[in-house]
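The structure appears right after this line, and notes come after that.
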Amino acid sequence: DEMDVDTIWQDGSFVDWDDATVHVLTHGLHYGSGIFEGVRCYDTENGPAIFRWEEHLDRFYQSGQPYDMELPYSREELTEATLELLRREGLESCYIRPVAFYGYGSLGVSPKDNPVNVAIAAWPWGAYLGEEALERGVEVMISSWRKHASSQIPTNAKTTGLYVNSLLAGEEARRNGYTEAIVLNKEGNVAEGPGENIFLVRDGEIYTPGLSESILDGITRNSVIELARERGYTVHDRATISRGELNTADELFFTGTAAEVTPIRKVDNVVIGNGSRGPVTEELQQAFFDLVERRTDAHDEWFTYV
Ligand SMILES: Cc1[nH+]cc(COP(=O)(O)O)c(CN[C@@H](CCC(=O)O)C(=O)O)c1O
């Protein structure tokens with residue numbers, strides 16, 4: 001395949017990439033009844049290392065909870081399968097995609113006794129929003145689609161079906177010539193990106209929406225908050241950010257496993273700060289990459305070496 005990866009772990013065994021298929025009457029395909037994770041492995045000075053695997057695994061199991069979806073594999077089994085997959089494929093810097101879903105059985109909204117299927121794939125994945133984005137930043141649009149409220153669907157679960165909200169918002173932005181969207185919540189305050197959390201810098205202090213704003217509890221978000229506080233920044237990690245504050249921000253940036261730390265340089269064609277990566281963003285982006293590529297021995301407990 002084009003990703004130059006031959007095998008996928010599926011329901012307990014390693015299968016050829018082309019054979020990793022499901023039945024068209026799979027429950028998850030019809031009703032979005034699946035959960036997934038996005039994890040990065042970095043090629044570090046001490047060899048390939050998966051960033052915060054334990055926290056991603058925690059969230060993977062937790063994401064199934066609202067749907068009574070119990071994964072039929074232990075943490076050890078999923079961890080060993082992932083390490084074995086990366087070793088077999090000789091993957092060093094890569095993106096890991098665990099997914100679980102109600103499988104083939106009865107149809108109808110209730111998953112009844114349909115099996116829970118689990119797969120883990122991995123492939124090389126570069127800068128999520130484009131190589132130049134990390135340095136120059138991206139131009140975003142505030143989507144006309146709002147984020148679903150956490151009272152309607154648990155926004156802290158990475159539910160596959162929910163990502164049609166992200167698709168609607170992100171494609172609307174790209175259709176209009178922007179790279180990515182910002183999604184407001186039903187109160188009209190800032191939630192996050194379609195696949196990223198968002199941070200705002202103003203007068204040297206850092207703000208990011210909290211869980212009450214209907215966001216995903218991002219692992220990169222939490223890591224960057226810790227890195228910022230270690231560097232003496234005041235971080236308001238349960239902020240309510242109004243739409244208007246985006247325009248008067250000194251700096252804005254996205255965080256995510258795929259997006260890493262991506263500056264935002266324009267919102268709806270309004271220039272943010274100096275119109276490129278801001279100084280605080282650059283400092284935290286550099287700290288993040290120094291950390292994940294192990295040019296520092298800080299937070300070694302965040303790394304699972306392959
Ligand atoms: C809605 C959403 N919010 C925030 C984040 C950042 O969370 P974290 O990765 O734990 O820092 C992600 C991850 N988005 C994943 C899926 C991207 C995709 O295109 O699929 C990712 O970054 O892997 C989200 O999907």
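Listed here are the residues, each with its yes/no results for (1) within 10 Å of the ligand (Cβ to nearest atom); (2) among the hydroxyl-bearing types (Ser, Thr, Tyr).
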{"position": "157", "(1), (2)": "no, no"}
{"position": "181", "(1), (2)": "no, no"}
{"position": "189", "(1), (2)": "no, no"}
{"position": "219", "(1), (2)": "yes, no"}
{"position": "233", "(1), (2)": "no, yes"}
{"position": "243", "(1), (2)": "no, no"}
{"position": "246", "(1), (2)": "no, no"}
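Which is free of Cβ contacts under 8 Å to residues at least 60 places away in the same chain and either hydrophobic (A, V, I, L, M, F, W, C) or crowded, with 20+ Cβ neighbours inside 10 Å (or both), of 162, 167, 134, 129?
167
Would you check if residue 12 is of a type outside the set (Val, Ile, Thr), over 19 Å from residue 56 (Cβ atoms), over 20 Å from the mean Cα position of the chain (by Cα) and open to solvent by less than 60 Å² (accessible area, probe 1.4 Å)?
So residue 12 fits the description; yes.
Specify which of the listed residues (228, 239, 173) is farther than 30 Å from residue 290 by Cα, over 18 Å from the mean Cα position of the chain (by Cα) and modelled with pLDDT of 95 or more.
The unique qualifying residue is 173.
Inspect the range 12-28 for any residue being modelled with pLDDT of 95 or more, small (Gly, Ala, Ser) and within 16 Å of the ligand (Cβ to nearest atom) and give the result as yes or no.
Yes, because at least one residue in the range 12-28 is modelled with pLDDT of 95 or more, small (Gly, Ala, Ser) and within 16 Å of the ligand (Cβ to nearest atom).
Name the pairs: first residue in the range 223-246 and farther than 17 Å from residue 280 by Cα, second residue open to solvent by less than 50 Å² (accessible area, probe 1.4 Å) and outside any strand (DSSP E or B), Cβ to Cβ under 7 Å, at least 6 apart or on different chains?
238/210; 239/210; 240/213; 243/188
Any residue at all in the range 85-95 that is open to solvent by 20 Å² or more (accessible area, probe 1.4 Å) and without any contact (Cβ under 8 Å) to a residue 40 or more places away in the chain?
The answer is yes; a qualifying residue exists.
Would you point out which residue out of 6, 18, 68 is within 23 Å of the chain's Cα centre (by Cα) and not hydrophobic (A, V, I, L, M, F, W, C)? It would help to see each step written out before you state the result.
Values: 6 fails: within 23 Å of the chain's Cα centre (by Cα); 18 fails: within 23 Å of the chain's Cα centre (by Cα).
None of the others qualify; the one that does is 68.
Identify, please: which residue in the range 106-116 is touching a helix residue (DSSP H, G or I) at 6+ places or on another chain (Cβ under 7 Å) and closer than 17 Å to residue 24 by Cβ and is, among those, most open to solvent (accessible area, probe 1.4 Å)?
Taking the range 106-116 first, the residues touching a helix residue (DSSP H, G or I) at 6+ places or on another chain (Cβ under 7 Å) are 107, 109, 111, 114.
Applying the additional criterion that residues be closer than 17 Å to residue 24 by Cβ yields 107, 111, 114.
Values: 107: 72, 111: 33, 114: 11 Å².
Among residues in the range 106-116 that are touching a helix residue (DSSP H, G or I) at 6+ places or on another chain (Cβ under 7 Å) and closer than 17 Å to residue 24 by Cβ, the one most open to solvent (accessible area, probe 1.4 Å) is 107.
Check off (1) modelled with pLDDT of 95 or more; (2) more than 15 Å from the ligand (Cβ to nearest atom); (3) more than 27 Å from residue 266 (Cβ to Cβ) for residue 137 and give me the number that stays unchecked.
The failed condition is (3).
The values are calculated or read from the model by the stated rules, or taken from the named source; none is laboratory data. Bear in mind that the values here come from a model prediction, so they are computed numbers and not experimental data. Here Cβ is always computed from backbone atoms with ideal geometry, including for glycine, and neighbour counts include all displayed protein chains. Ligands, DNA and RNA are stripped out before the accessible areas are found, and what is left, the full protein with its side chains, is counted by its heavy atoms. Shrake-Rupley method; radii C 1.70, N 1.55, O 1.52, S 1.80 Å.
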